[in-house]
Structures are given as C-alpha cells and as structure tokens.
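Trainee: Shown below is the structure under consideration.
The values are calculated or read from the model by the stated rules, or taken from the named source; none is laboratory data. Everything numeric here is computed off the predicted structure, so don't read it as measured data. No Cβ is skipped: glycine too gets one built from the backbone with ideal geometry, and neighbour counts run over all protein chains shown.
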Amino acid sequence: MGMMWRAMDLLFGGRNMIADTAEVWRENAEASGQRATQMHSAALNQLAAEYARPQRGWFDGVVDGLNRLPRPMLALGVLGLFGMAMHDPVWFAARMQGLSLVPEPLWWLMGVIVSFYFGARHQAKTQDFQRDMLASAARVPQVVSQIRALEEPAPTDNPALSEWRTIAGGKAATK
C-alpha cells in the first residue's frame, strides 16, 4: 500500500487533485473559517491597540488624581457651606462678607477658569459619546444581516421532512 501512495505522489505531485479541483468552484470552508478568524482577531487587536493606555509612571498617576479633585471638592465645599450656615450663622456671615470684598474682575476670572475646566471635560465626554455612537452605527449592517438570517424560513427541500409532514398530516386528519 505504501508503494502505491508513493507512486501516486510521484504521478500527481503529492497533492489531493480532487480537493484542488473542487476548490475551483467551491471555497474551502476550513480555510475560509481560518481567514475569518484571523481577520476578526486582527480587528480586535487593532481596537485594543487603539484604546490601550500607554505605560505610565507615578507622576502621571498623581496628576490624574489631582485632575479628579476639583469636582468633588466644589460639590463638598458647597454642601459644607450650607451645613456651616445652619450650624454657625455668624461664622458663615463673616465668610460671606469677606467674599463680598473680592473685586468683580476676579469673579469673572474664576468663572472663566471653572467654565473652561468643566467645558473641556464636557467636550471630551461628548467626543467619547460620539465615537461610541459611530462604532455602534458601524455594526448596524452586520446586526441587520444576522437578524434577516434568523428570520429566513428553514429550507423545505428536505425529502425526508416533506414525507414526515405528509404522514403526520394524514394522522392528524384521521384523528
């Protein structure tokens, strides 16, 4: 048997002629699956690289922590002022009198700084939201095609199934 295999390999070059000929008209399902897996993996790797955070040091961590402080400090400060107004109204009134001495241009400057801080944060969040919406919209055709594939009726050219339906239909009619 081994001698016949060697002779066939010599004659046909060690290739499966039937499979090679069939692949001219029909795609190799295994190779197609491998290509799809590789493409899917490459897309996921690209997405992961796009959203990966670079390796950062301790200084970046400290700065990120400081950047997260203004919002909670402002909120807790305002709540603290309400609490102090109820707890010690004289203390609160003295502090508010001190704030009334701050010149108006300084208040405008403070308003600009706070507006830019929160405005930049709002813009960054809006851009992230838009990026997520575009990613979702890009998946719409794939989802629609999958839904259509699920809604398509099963093929009815199965002779055994057709025969069973006629037999089952006949039994249902006799009952």
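Trainee: So which of L99, L106 is in the same structural domain as A124 (by TED's automatic domain parsing) and either touching a Lys or Arg at 6+ places or on another chain (Cβ under 9 Å) or modelled with pLDDT under 90 (or both)?
Mentor: Criteria check complete, one pass: L99.
Trainee: Here is a follow-up. Please tell me if V102 is part of a helix (DSSP H, G or I) and among the β-branched types (V, I, T).
Mentor: So V102 does not fit the description; no.
Trainee: Looking only at segment 51-73, filter to residues that are under 28 Å from V114 (Cβ atoms) and in a loop (DSSP other than H, G, I, E, B); which one of those is farthest from the chain's Cα centre (by Cα)?
Mentor: L69
The rows are residues; the columns are (1) charged (D, E, K, R); (2) within 29 Å of R68 (Cα to Cα).
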{"position": "M96", "(1), (2)": "no, yes"}
{"position": "P105", "(1), (2)": "no, yes"}
{"position": "I113", "(1), (2)": "no, yes"}
{"position": "F118", "(1), (2)": "no, yes"}
{"position": "Q123", "(1), (2)": "no, yes"}
{"position": "D128", "(1), (2)": "yes, yes"}
{"position": "S136", "(1), (2)": "no, yes"}
{"position": "Q142", "(1), (2)": "no, no"}
{"position": "E151", "(1), (2)": "yes, no"}
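Trainee: Any idea which of A22, A49 is closer than 30 Å to A138 by Cα and modelled with pLDDT under 90?
Mentor: Going through A22, A49 in turn, the sole match is A49.
Rundown of residues vs (1) free of Cβ contacts under 8 Å to residues at least 24 places away in the same chain; (2) of a type outside the set (A, V, I, L, M, F, W, C); (3) more than 30 Å from L47 (Cα to Cα), yes/no style:
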| position | (1), (2), (3) |
| --- | --- |
| G61 | yes, yes, no |
| G80 | yes, yes, yes |
| A94 | yes, no, yes |
| P103 | yes, yes, yes |
| Q130 | yes, yes, no |
| V144 | yes, no, no |
| S162 | yes, yes, yes |
